[in-house]
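Written below as structure tokens is the structure these notes are about.
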Amino acid sequence: MPGMGATRVGLGIALGGGTARAVAHVGALAVLAERGWRADAIAGTSSGAMIGAMAALGMSPTEMAALVRGIDVRDLWRQALDPGLDQASLIRGRKLEAWLDRHVFRGATFDDLQVPLLVACTDLVTGDLGFLSEGSLARAVVASSALAGYFSPVVDGDRVWVDGGFVEAVPFRALARLEPERSLGLHAGIDAGRSRVIRFVRWLHGTPAGARWRDWLLARGAAGPWRRLARSTALAAKSYERGLEVPTGARLISSYPKVAWWDFHRMDEAIAAGRRSAEIAFERDGLEAWLAGGSDGETPSEDRPGVGAGEVAT
């Protein structure tokens, strides 16, 4: 893939998931572009992979915003009428893949990219992070978004791909493979410190019984739909035990749009939240100096995950 392991690139951007919330990344990318900064390398996971692929195809933030605003939300939800119960999932995901291919990517593959892109997935068999860099962009996005019980895993030979966020919420590790000089993460997922669900899962897995149950599910393997569901559920729960890690020297912009993951009719609010978070990063957190090669500003942590506009706790 062009740019991998050859010439070092300047700015790399890693885009985390969040379903409808990840549309906030469009607003953050718009602010960066207005100030003259564009990605030389991109990594994305889950719905962040969709936004990242759009950017890697050369779409401007204005074009991306027009595309997501123009989505027929009822038509999008009709893609859920694709039962995957034989795969231990509510939705098979093939109709969504075809819809993305038609309406978002228009048949594009990794060969059509203008900017190097890696899509991060979780290898369900090993539990390790995997990377997609060839073939259909729509299929890669669906593989990176295969959430336990909702969407069927994507089987590719001896690999079984599920949501990349199970290993890393913001795909800095995938981005590192593209060797950027500066790594900027965009996060629009749940604030782990405020989520009741995540706090409960962390408490549960801290108990002997909870830990044994998780380990039993992980040991079930991935041979067959129901074992895949059990294993991916355990991987999802285990991911809640980890904090959001930002590599040394990298920066993170966190946006907390006041929309739920299913609020595809509230794209403008998500975009506005991403824009505001990026503006604050420039105005208060020294992002311009850091992008230019300085070291001004601190790297946010999970306790101070960046700046944003509100949060819908889950």
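Some notes on this structure:
- The set of residues from segment 83-111 being of a type in the set (D, E), closer than 16 Å to R139 by Cα and open to solvent by 40 Å² or more (accessible area, probe 1.4 Å) comprises D101, D111.
- Qualifying residue in segment 29-44 (condition: at positive phi and surrounded by 19 or more Cβ atoms within 10 Å (Cβ to Cβ)): no
- Taking segment 112-134 as the range and being open to solvent by 10 Å² or more (accessible area, probe 1.4 Å) and under 15 Å from the mean Cα position of the chain (by Cα) as the test, the residues that pass are L129, F131, L132.
- Residue in segment 44-67 that is at pLDDT below 95, closer than 20 Å to A272 by Cα, of a type in the set (G, A, S) and out of contact with any strand residue (DSSP E or B) (no Cβ under 9 Å at 6 or more places or on another chain) present: no
- Complete set of residues in segment 94-127 that are in contact (Cβ under 8 Å) with a residue 40 or more places away in the chain and of a type in the set (V, I, T): V104, V115, V119, T122, V125
- Conditions (1) open to solvent by 70 Å² or more (accessible area, probe 1.4 Å); (2) at pLDDT below 90: number failed by R284: (2)
- Among (1) among the small types (G, A, S); (2) crowded, with 20+ Cβ neighbours inside 10 Å; (3) under 14 Å from A188 (Cα atoms) - the single one S232 does not satisfy: (3)
- Contacts under 7 angstrom Cβ, first residue in segment 135-162 being on the phi < 0 side of the Ramachandran plot, partner open to solvent by 70 Å² or more (accessible area, probe 1.4 Å) and part of a strand (DSSP E or B), 6 or more apart: Y150/L90
- Selection of segment 48-82 for residues being in contact with a His (Cβ under 9 Å, 6 or more places away or on another chain), closer than 16 Å to V142 by Cα and either of a type outside the set (V, I, T) or open to solvent by 40 Å² or more (accessible area, probe 1.4 Å) (or both) yields G48, G52, L76.
- Just one of the listed residues (I253, I271) is closer than 14 Å to A188 by Cα, out of contact with any Leu (no Cβ under 6 Å at 6 or more places or on another chain) and modelled with pLDDT of 85 or more, and it is I271.
- Selection count, segment 140-167, where residues are crowded, with 22+ Cβ neighbours inside 10 Å and not aliphatic (A, V, I, L, M): 10
- Residue count for segment 168-182, restricted to those that are part of a loop (DSSP other than H, G, I, E, B), surrounded by fewer than 24 Cβ atoms within 10 Å (Cβ to Cβ) and in contact with a helix residue (DSSP H, G or I) (Cβ under 9 Å, 6 or more places away or on another chain): 1.
The values are calculated or read from the model by the stated rules, or taken from the named source; none is laboratory data. What you see is a predicted model; the values in this text were computed from it and never measured. In this analysis, Cβ positions are derived from the backbone assuming ideal geometry, glycine residues included, and neighbour counts consider all displayed protein chains. Keep in mind that these areas ignore ligands, DNA and RNA; they rest on the heavy atoms of the full protein, side chains included. Shrake-Rupley method; radii C 1.70, N 1.55, O 1.52, S 1.80 Å.
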